[in-house]
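Every number here is computed from the coordinates shown, using simple stated rules; none is lab data. Given the structure is predicted, the values throughout are model-derived calculations rather than measurements. When we count neighbours, we look across all protein chains shown, and the Cβ atoms used for this are built from the backbone with ideal geometry, even at glycine.
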Amino acid sequence: MFYRSRPLHFHLLVDEISKNSLETLFKTWNLPQVNVSFYPVEPWVPRVSWIPNKHYSGVYGLLKLILPEALSEDYVLVLDTDVTILTDLSSLWDLLNQFNSLHMLGLAENQSDWYKKNLATGQRPWPAVGRGYNTGIMLMNLKALRINNFHDLWVDSANEVLQNISNFTSLADQDVINAVIKKYPHVIYTLDCTWNVQLSDHTLSERCYMDTEKMKILHWNSPRKQEVRNKYSSDFNRMHRVFLEMDGNLLRRQLFHCNPVQTSDNVNRTEACRKFTMAATVVYRTHPFFLAYEYNTHSTTDLTLVTQCSADRISLLDELCKRWRGTISIAVYLTDAELQYFLDFIHNSDTLRRRRNIAYHIVYKEGEYYPVNYLRNIAISRVSTPYIFQVDVDFLPQVDLYENLQLYMMKLNLTEVDKTALIVAAFETQRYRFTFPTNKDELLKYLNYGILYTFRYHVWTRGHAATNYNLWKVAVDPYEVTWEPDFEPYIVVSKSTPLYDQRFIGFGWNKVSYITHLTALGYKYVVLPNVFIIHRPHGPSADIGKFRTDPLYRRCLKRLKDEFIDELITNYGTAAISRIKKMTKA
């Protein structure tokens, strides 16, 4: 992307889960002159799944074989996802002009002796010309492949090898394509090795390293990827990391040879709150499900802990996840460079690196304000469970809170259509080190000793006063409370509950607006008596500093608050007026 000088069109074979994530990625990255087409992978899998395959990519490693049938394009450049591009790919694309009438595939030679030796299993490798060809970077003349019935060629070649030489493929599509080339060598146009510098454990491609300025594509074709055992791997990793840590917004620049994209700005540039309102319209580059994620529990009362954090709060994740055994969906707000620190943190955590039920959604940093409600919405919209527990990352949940919340939902016969929000009482400590209470009795003792306090009792009492902590201390059953202005409890609700208003950024009214919206919709609030969360102390955020010191910031927030209330009344009529009448009087 960084070196490109021409428009690009991606053609991606995907399942439904991948499509949802990739659609968000392409939409939010909003790269000029970049288009994408998605093709459902499911119809094509049976066309190749009959081939026994031991490659770590599974059946998906065979799907290049069906590209002439799946795509209507005449020519494509096929790239594995484990490559690092070091030049403008238009030079590679232009090599299609050098194809003669017989050429159908453009490939670089395989840079190991894999196809020249017997396998450890005692079987022979698939047939190949010399060392064979590597299919990680491939120019395909799809039109010629269709005309010459490529489907029949590879099916016949695969069947012949499976019957006479090998019982399975080790390198997936590469084995099959090499078998075709062995029988029909005229189909191949040989690319220079610099277009596919292969960094496998047994690579023999050092002649391509002699002049690093000529290397065009690094191909990490080892299962270990960037951890490959190669004497030059540290140098190659530095090249790779340059792109990982580069500001992705650089890819949004206009191309020299492309027509500029017209944009409009409907915001009055002279208004005092312009910077505040403009920040709410930013399209943040977003990558859902950045790491492997699995969800295998299907329960009518299952719930996901939903949260968000920035780089300075990453260290809080470890302890939070130790105390919540259920699914977690977290939106993480980072620069491109901070993302690498975050991945290192996950890798080095005994807790986090083993968990597969934590969905990490990366939102790339842009501007000076923390887009807290956008982050919350990203985390909520990727939830698989029927319910969500919304909490900030600087809280620690009571041990067994995940299980106890499900018990309460069953006890209350809660359903997804109920307009009920379950409140988990919030407390705080000023101590960086303390023994977490194991139950309510211990917590009450900590309150009496001054080790714990009700949350924000000294700076923002109104935020949680409606929880009625005096009643909570003696309650044994859930109890309903009445909404009050500025109420912002931490709640369990159905995942179908409306999302947060993304105009609220930084500090102030971001969660209050959400609870006020639920109130206008007629939600009731039920406090659970024997569960709790505790806030951990940390330094103030930059946005709190702006709120406290900048009068303009507070005026702009007040204007947005008034607009929000007026919109609720307009959208929900007299019912909303009666429910939030205290707010209009405040």
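Structural remarks
- Label zone (ASP441, point 7 Å along Cα-to-C-beta; backbone nitrogen cut-off 18 Å) within region 387-404: 399-400.
- Divide the volume of the convex hull around the Cα atoms of region 277-414 by the residue count and you get 109 Å³ per residue.
- The Rg/Rh ratio for region 8-252, using Cα coordinates for both the radius of gyration and the Kirkwood hydrodynamic radius, is 0.95.
- Cα convex hull of region 483-579 - mean projected area over all directions, nm²: 7.7 nm²
- Region 279-585 shape via C-alpha gyration tensor axes, a/c threshold 1.5: rounded
- Tail fraction, Cα-Cα pairs, region 358-509, threshold 25 Å, whole percent: 37 percent
- For region 277-352, the C-alpha radius of gyration divided by 2.2 N^0.38 Å, with N the number of residues, is 1.25.
- Nearby lysines by direct alpha-carbon distance to LYS275 (threshold 28 angstrom, same-chain neighbours under 8 apart not counted): LYS27, LYS365, LYS511, LYS546, LYS558, LYS561
- ILE147-ASN20 FRET efficiency (beta carbon distance; Förster radius 35 Å; 0.05 resolution): 0.45
- For GLU16, net neighbour charge (Lys/Arg +1, Asp/Glu -1) across residues whose Cβ lies under 11 Å away: -2
- Semi-axis lengths, Å, region 385-458, gyration tensor of Cα atoms, sqrt of 5 times eigenvalues: 27, 13, 11
- Listed peptides 299-306, 358-365, 27-34, 398-405 by packing density, highest first (mean Cβ within 10 Å): 358-365, 299-306, 398-405, 27-34
- Think of it as helices only: each DSSP H run of n ≥ 4 in the chain is worth -39500 (n - 2.57), and spread over all residues that comes to -9000 deg cm²/dmol at 222 nm.
- Gyration tensor (alpha-carbon) shape descriptor, region 39-140, a/c threshold 1.5: oblate
- Acute angle (nearest 10 degrees) that the helix 401-411 long axis makes with the longest principal axis of the chain, alpha-carbon atoms: 70 degrees
- The packing ranking of peptides 390-397, 42-49, highest mean first, is 390-397, 42-49, where packing means the average number of other beta carbon atoms within 10 angstrom of each residue.
- Local charge for LEU244 was computed over the other residues whose Cβ lies under 12 Å away, with Lys and Arg +1 and Asp and Glu -1, and equals -3.
- Whole-Å semi-axes of the ellipsoid equivalent to the chain (Cα gyration tensor, √5λ, descending): 54, 27, 22
- Cα long-axis angle, helix 150-164 against the chain (0 to 90 degrees, to the nearest 10): 80 degrees
- For the chain, the longest principal axis of the alpha carbon atoms and the long axis of helix 440-449 meet at an angle near 60°.
- Ranked by the mean number of other Cβ atoms within 10 Å of their residues, highest first, the peptides 175-185, 280-290 fall in the order 175-185, 280-290.
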